[in-house]
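Computed from the coordinates by the stated procedures, all read-outs in this text should not be read as laboratory data. All values derive from a computational prediction rather than experimental measurement. A quick note on method: Cβ atoms are made from the backbone with ideal geometry, for glycine too, and the neighbour counts reach across all protein chains shown.
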Amino acid sequence: MRFTTFVVAAISAMSTAYAATTYEGNGQVPEQFVLSGKAAGRLHDHVSINLETAEKLIAACQAIARKNNSAVVIVVLDPQGLPVLESRMDGEGWIQIKATEQKTLTALRSRAPSHVLTNRNVQDPFTNQNMAGYGLTANKGGLPIIVNGQLIGAMGAGGMATPSGEEACVRDALEQVIGPQPPLLPDLTARPNNAPPGGRGRNGAPNR
């Protein structure tokens, strides 16, 4: 129970810190991006990304993949974690699909890029194993979809040549369809000998 509490608190802290520095808004989401009319009334939901927006996002990411001579799997989820749209280009299989679903769910549940846990895994190699127990992953490629400070869903991409390309595909698609997005997180590099910050390496020398 203590470990579970620690993990949840850690993810919450990272997500809050990221959101506070990158997403601002008044909470009012333009109607063209979310459920509206009878559909919203039937579900009592006026904040979930709509199918039209999901279709545009997937089309944009697929176009980016084609320019890079690549295929891609793309998943768009609503704020409840339900699939709005999922697409795979020819040649993508089960592993690519499941990996992309996990990236997208990770971004949704943490309210931050899955890249946050990618970097955390560099600092703590047990992160990926621990997150797997929650159905999450430390692989980058998933981003939350936030409009005017309101979470309306999440999007992930997989199956491309590099994880950085997948994440960029999602970011660029979001910028094309929704508008400016926060810059992508930088990659962290492993500390020498995996020693703790501020400590000393296995050879006794201070870490740099």
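Which of 61, 169 has the fewest other C-beta atoms within 10 Å, and how do the rest follow up to the most? Present the calculation step by step, with values, prior to reporting the outcome.
Numbers: 61 30, 169 27.
Going from sparsest to densest Cβ surroundings: 169, 61.
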**Complete:** Taking a ≥ b ≥ c as the square roots of the Cα gyration tensor eigenvalues, with a/c under 1.5 meaning rounded and otherwise prolate when a/b beats b/c or oblate if not, segment 2-182 comes out oblate
**Request:** Neighbouring Cβ atoms within 10 Å as the yardstick, rank 52, 86, 101 fewest first.
**Result:** 52, 86, 101
**Request:** With a point put 7 Å past each Cα toward its Cβ, work out how far residue 66 is from residue 148 in nm, to one decimal.
**Result:** 3.3
